[in-house]
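What follows is a single structure, written as structure tokens, with notes after it.
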Amino acid sequence: MSPVFLTRLVLDFVAVGFFVMAMAYWWLDNRTHELVGTVMFALLFLHNVFNRRWWGRLPKTRRASRPWITVVLNLTLLVSMVALMSTSVLVSQSLFRQVAVGGATAREIHILAAYWSLVVVALHLGLHWSIVMNVARAILGISGKNATRTLALRLASVGITVHGVHSSFELGIWPRLLNLPTMQFWDFNEDTVGFFIHLGSLLGSFIVLGHYTIVAIGLRPRRTEPAMHPN
Ligand code: HEM
Ligand code: HEM
């Protein structure tokens with residue numbers, strides 16, 4: 001495993017951390033929210049620079065027999081992130097307030113794009129979970145198969161998914177994904193850790209969904225560094 005690839009993966013997880021922080025808008029002050037969000041976009045820009053070859057080969061997708069699910073998800077991610085980024089500038093109250101125009105629609109799209117991006121990012125990470133697991137195996141020096149370990153990980157996945165479904169209601173995700181009005185807001189004065197636990201298990205359940213979808217449809221997920229594979 002090359003140090004560059006390991007750095008890339010670490011940066012991916014840092015980006016998830018910043019994303020989760022930005023979701024806790026009412027826990028942060030506006031300026032911190034905008035700073036955290038802007039750093040996350042910078043990391044995503046870098047992420048796509050690292051993965052530029054994938055975009056370069058996109059027009060040849062049919063011939064490359066690239067997994068369609070990756071193409072659909074990556075394009076959805078692109079759309080939702082561009083919506084989130086552009087509305088960030090429009091609604092900005094601190095960093096870009098000179099150019100911000102505000103408006104209820106921009107704010108609505110900003111929130112809608114944030115929740116959809118959260119779901120799609122987790123599915124996207126789930127699609128690449130075999131890479132993450134292989135890196136974890138290499139770091140921990142684990143080789144070969146072990147039935148007990150596999151069973152423990154599968155049980156953990158079930159636990160995370162069940163908790164994630166519960167968390168989706170606790171956080172009021174569904175009306176926000178459907179752009180329906182809701183009065184359900186997280187009270188950070190009462191419980192801060194709980195918000196992050198719920199958001200973590202929500203992310204986890206979509207990662208599990210992404211990972212097992214790939215397994216269920218019989219696609220062999222990429223297991224190692226992208227540079228070693230033609231896809
Ligand atoms: C990771 C990226 C980001 C995510 C996930 C995100 C998410 C959110 C969410 C969920 C809210 C709504 C809070 C609520 O009312 O319940 C919000 C509000 C807001 N965001 Fe972001 N945001 C991100 C980046 C940014 C950036 C980069 C900026 C500006 C530079 C920004 C500016 C704002 C502003 C000004 C509000 C308050 C809007 C209002 O109440 O009128 N956001 N954001
Ligand atoms: C926090 C958000 C994200 C995380 C955690 C994440 C994670 C990952 C991981 C783990 C990989 C495989 C290893 C690597 O190349 O680094 C990957 C690949 C890739 N990601 Fe992301 N990603 C995120 C956001 C995005 C966004 C917003 C886009 C597009 C707009 C994107 C496009 C791609 C592409 C094109 C690839 C390579 C092709 C593929 O295998 O899908 N990613 N991502």
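The values are calculated or read from the model by the stated rules, or taken from the named source; none is laboratory data. Everything numeric in this text was worked out from a predicted model, so none of it was measured. Because the Cβ atoms are built from the backbone with ideal geometry, glycine has one as well, and the counts that use them run over all protein chains shown.
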| request: Output the qualifying pairs, or none if there are none: Cβ atoms under 9 angstrom, residues six or more apart or on different chains, first residue in segment 1-28 and acidic (Asp, Glu), second residue near ligand 2 (Cβ under 8 Å from one of its atoms) and outside any helix (DSSP H, G or I). | output: ASP12/HIS128
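Every residue, every condition in (1) farther than 26 Å from SER130 by Cα; (2) surrounded by fewer than 18 Cβ atoms within 10 Å (Cβ to Cβ); (3) of a type in the set (Val, Ile, Thr); (4) in contact with a strand residue (DSSP E or B) (Cβ under 8 Å, 6 or more places away or on another chain), yes or no:
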{"residue": "PRO175", "(1), (2), (3), (4)": "yes, yes, no, no"}
{"residue": "GLN184", "(1), (2), (3), (4)": "yes, yes, no, no"}
{"residue": "ASP187", "(1), (2), (3), (4)": "yes, yes, no, no"}
{"residue": "VAL193", "(1), (2), (3), (4)": "yes, yes, yes, no"}
{"residue": "LEU202", "(1), (2), (3), (4)": "no, no, no, no"}
{"residue": "SER205", "(1), (2), (3), (4)": "no, no, no, no"}
{"residue": "GLY210", "(1), (2), (3), (4)": "no, no, no, no"}
| request: Give the residues of segment 201-231 that are over 25 Å from ARG53 (Cα atoms) and at pLDDT 95 or above, sorted by residue number. | output: SER201, LEU202, LEU203, GLY204, SER205, PHE206, VAL208, LEU209
| message | Between VAL158, VAL165, VAL135, which is modelled with pLDDT under 95, closer than 22 Å to GLY210 by Cα and not polar (S, T, N, Q)? | response | VAL135
| query | Hey, any hits in segment 59-77 for a residue that's closer than 26 Å to GLY200 by Cα and exposed (fewer than 13 other Cβ atoms within 10 Å of the Cβ)? | reply | yes
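Would segment 79-87 turn up any residue that is within 25 Å of MET21 (Cα to Cα), away from ligand 2 (no atom under 12 Å from the Cβ) and out of contact with any Asp or Glu (no Cβ under 8 Å at 6 or more places or on another chain)?
Checked segment 79-87: at least one residue is within 25 Å of MET21 (Cα to Cα), away from ligand 2 (no atom under 12 Å from the Cβ) and out of contact with any Asp or Glu (no Cβ under 8 Å at 6 or more places or on another chain).
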| task | Take LEU28 and decide whether it is surrounded by 13 or more Cβ atoms within 10 Å (Cβ to Cβ), closer than 19 Å to VAL82 by Cα, out of contact with any His (no Cβ under 6 Å at 6 or more places or on another chain) and aliphatic (A, V, I, L, M). | result | no
| said: When you check SER94 against the structure, is it at negative phi, assigned to a helix (DSSP H, G or I) and modelled with pLDDT of 95 or more, yes or no? | reply: no
| request: Looking only at segment 169-180, count how many residues are in contact with a helix residue (DSSP H, G or I) (Cβ under 7 Å, 6 or more places away or on another chain) and under 17 Å from LEU112 (Cβ atoms). | output: 6
| task | For segment 18-35, state whether one or more residues are near ligand 2 (Cβ under 9 Å from one of its atoms) and either of a type outside the set (S, T, N, Q) or in contact with a helix residue (DSSP H, G or I) (Cβ under 9 Å, 6 or more places away or on another chain) (or both). | result | yes
| request: Return a yes/no flag: does segment 27-49 have any residue that is in contact with a Lys or Arg (Cβ under 7 Å, 6 or more places away or on another chain), more than 16 Å from ligand 1 (Cβ to nearest atom), of a type outside the set (Asp, Glu) and modelled with pLDDT of 95 or more. | output: no
